[in-house]
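Structure record follows, encoded as structure tokens.
The values are calculated or read from the model by the stated rules, or taken from the named source; none is laboratory data. Keep in mind the model is a prediction, meaning the values are calculated, not measured. Glycine also receives a Cβ, built like all others from the backbone with ideal geometry; neighbour counts cover every protein chain displayed.
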Amino acid sequence: MDVDRNFSEFEGKAASVSDGDEASNRGSRIASTVLSPAVGLWLRSQVERVDELKVKIEGSDRQLFGGKIPQVTVAASGAVYRGLHLTEVALCGAKIRVNLGQAIKGQPLRLLEPIPVTGVLRLSQVDLNESLKASLLADALSEFLLPMLPIDRQEKPLKLENSQIIIEAGLLTLSAAIVSAGGAQISLVLRTGLQVASGRELMFESPEIEFDRELLDASNFNDFKIDFGPEVNIEELTLTPGEIVCRGGITVLP
């Protein structure tokens with residue numbers, strides 16, 4: 001998987017979402033010479049780093065001036081956003097409506113309707129472990145796991161440190177240390193499969209938990225679901241040695 005292949009995965013779809021405007025097939029000089037480069041520059045300003053980035057905006061000049069964008073495709077590799085390392089990502093938004101006419105007159109650009117976005121995300125084991133060093137993911141992981149463990153609540157505040165993940169075929173292993181405010185440490189190892197329970201949920205599959213070097217009864221963790229909310233639609237999640245690949249969609253709200 002690479003940026004060009006991810007980018008081309010969404011190529012040619014604009015015609016099917018162009019609302020019957022044959023002029024869209026001829027393309028737009030505004031989209032190619034102004035909007036696409038501008039969006040690319042804005043995206044680069046939002047991330048800490050990106051190795052490669054491609055942006056393509058589909059549509060005719062008439063559609064764009066009318067605030068209709070049939071399709072926007074973005075593909076990137078080596079992107080870092082708020083400490084999260086994204087190995088490769090490709091996104092495609094379709095049937096986008098914005099107040100472009102008002103924006104040209106100086107008003108803020110805004111969405112007029114929700115946008116359905118489809119995409120594919122690849123996370124390598126190396127990048128996932130780099131992301132675990134960021135407070136955004138580290139804090140979320142602590143908030144998610146710690147309430148599920150048999151910990152005396154008087155030991156709080158607690159946090160996970162030195163988290164490491166190993167990705168194998170169908171299996172994810174997380175090892176970490178639970179550290180109290182006093183500096184005491186308890187070892188934690190979680191081994192589990194992950195499967196799509198519904199479009200918005202992932203489910204633990206046959207989890208095993210070692211807590212303070214003892215194997216816990218994991219029956220309470222069987223079929224445990226992680227809910228990402230109604231705007232998310234996970235179609236496929238694949239764990240192969242050294243990487244996770246996720247395909248699906250998300251609805252971006254105005």
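For segment 184-233, residues that are closer than 28 Å to N162 by Cβ and either among the β-branched types (V, I, T) or outside the structural domain of P150 (by TED's automatic domain parsing) (or both) total 5. Of all residues in segment 54-80, those that are in contact (Cβ under 8 Å) with a residue 24 or more places away in the chain and buried (at least 19 other Cβ atoms within 10 Å of the Cβ) total 18. Look at segment 81-107: where a residue is assigned by TED's automatic domain parsing to the domain that holds I69 and buried (at least 20 other Cβ atoms within 10 Å of the Cβ) and a partner is in a helix (DSSP H, G or I) and among the small types (G, A, S), sitting 6+ places away or on another chain with Cβ atoms under 7 Å, you get H85/S131.
For segment 181-192, the set of residues classified as buried (at least 16 other Cβ atoms within 10 Å of the Cβ) and either under 18 Å from V232 (Cα atoms) or of a type outside the set (K, R) (or both) consists of I186, L188, L190, T192, listed by residue number. Considering segment 213-254, and only residues there that are free of Cβ contacts under 8 Å to residues at least 12 places away in the same chain, farther than 20 Å from A169 by Cα and of a type outside the set (D, E), the residue that is surrounded by the fewest Cβ atoms within 10 Å (Cβ to Cβ) turns out to be S219.
Any residue at all in segment 144-166 that's touching a residue at least 60 places away in the same chain (Cβ under 8 Å), outside the structural domain of L91 (by TED's automatic domain parsing), under 17 Å from F221 (Cβ atoms) and in a helix (DSSP H, G or I)? Taking every residue of segment 144-166 in turn, at least one turns out to be touching a residue at least 60 places away in the same chain (Cβ under 8 Å), outside the structural domain of L91 (by TED's automatic domain parsing), under 17 Å from F221 (Cβ atoms) and in a helix (DSSP H, G or I).
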